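Just so it is clear, none of the values below were taken in a lab; they were calculated from the coordinates. Keep in mind that this is a model prediction, so the values were computed, not measured. Every residue, glycine among them, receives a Cβ derived from its backbone with ideal geometry; neighbour counts consider all protein chains shown.
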Amino acid sequence: FQAFGDRVKNWITINEAWTVAVQGYEDGTKAPGKTDNPSIDVYQVAHHLVLAHARAASIYHHHFASKQQGKIGIANCGDFRFPKTSSDEDKEAAERAMIFQFAWLSDPFFFGDYPLEMREILQGRLPKFTDKQRKELIGSTDILGLNHYSTLYAAAATDNVPIYPGYWTDMKVEFSSDPSWPKNFMGWSTNPDGCRESLLWIAQRYQGVSIVITENGTSEDEPDVETAVQDEGRRQFFEGYIRACAQAIEQGVPLHGYFAWSFMDNFEWEYGY
């Protein structure tokens, strides 16, 4: 803050706490790959990331914000989940999936605690906040970052045992895709409607907060130079997602920024507004 606060006016403390906690301590696909106790470690790690954000934001708000006139926030993963059917069970599963990913790591900054649905499921495995921590948490987020890439269907889990015990078992949700939805080179299902619905879901839950799409984009594997130059798949992706953002804004979502990443082999670029 001292070194860059005269120029940097928008700060993100932690990027993708969900990825750090779940992929680092449950499935092991990200560092440190510690997977021996996922039913406890995932939630403990996330807890300390939440507290770390609150502490950094508190320092900024108390010592720098009034002079530097900047804002501070966190960037959280937020893929969207449509219910697979119109059944109450699948509707509840879709909402539970949204809560277990985005609300888990956002609610504390607005309400001072984790979502009630998670507390009911996890009981003592979900850490508690002290009164002092709760005071530091609430109001610590001026801008809420959304990293959005994919959309899936959610259905109430059957008795099938997930590959990874812990977080995914606790969520009690089974995911699937729609054959009509495009898939990028990483195998992720994309659907601009999911982006719009994510923004609407966030705006309704955290009313008045400034939302910034801190990550969005697609990876494409073009087979030859000619198709790579035309880049039609990527053009359609960004046209659809930017239109979805406009639709959300028209419905009252306070979206204040959009940053997109795009990958192809070892080439990448970024743009934003």
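Here the Karplus relation 6.51 cos²θ - 1.76 cosθ + 1.60, evaluated at θ = phi - 60°, turns the backbone of the range 3-12 into coupling constants of 6, 10, x, 6, 10, 8, 10, 9, 10, 10 Hz, with x for every Gly and Pro.
Less than 13 Å Cβ to Cβ from Asp27, Lys/Arg counted +1 and Asp/Glu -1: what total charge do the surrounding residues give? So the surrounding residues net to -1. Residue-wise HN-Hα couplings along the range 183-188, as the Karplus relation 6.51 cos²θ - 1.76 cosθ + 1.60 with θ = phi - 60° gives them from phi, are 10, 7, 5, 8, x, 8 Hz; Gly and Pro carry x. Whose amide H sits under 5 Å from the amide H of Asn10, counting only residues 5 or more places off or on another chain, with H placed in the peptide plane? Distant-sequence amide H within range of Asn10: Lys71. With only Cα atoms counted, the range 174-259 has Rg and Dmax values of 14.7, 46 Å. Relative contact order of the chain, taken over Cα pairs closer than 8 Å and 6 or more residues apart, is 17 percent.
Of the trypsin sites (Lys or Arg not before Pro) found in the range 114-198, those that fall in a DSSP loop while having at most 13 other beta-carbon atoms within 10 Å are Lys128.
Taking only the C-alpha atoms of the range 1-160, the Rg (one decimal) and the largest Cα-Cα distance, Dmax (whole number), read 17.1, 56 Å.
With Cβ to Cβ distances under 9 Å as the rule, what net charge do the other residues near Ala248 carry (K, R +1; D, E -1)? Write down the numbers at each step before the final one.
Working: positive: Arg196; negative: Glu197, Glu250.
Taking every Cβ under 9 Å from that of Ala248, the sum is -1.
Quick one: net charge of Lys183's neighbours, Cβ under 13 Å, K/R +1, D/E -1?
On the way: positive: none; negative: Asp178, Glu220, Asp221.
Cβ neighbours under 13 Å give a net charge of -3.
What the Cα convex hull of the chain gives, in volume per residue, is 154 Å³.
Scanning residues 5 or more positions from Ser177 or on other chains, those with amide H under 5 Å from its amide H are Tyr153, with H placed 1.01 Å from N in the peptide plane. The H on the amide N of Gly257, modeled in the peptide plane, is under 5 Å from the matching H of Ile213, each at least 5 residues off or on a different chain. Measuring nothing but alpha carbons in the range 79-221 and taking Rh as the Kirkwood radius, the Rg to Rh ratio lands at 0.98.
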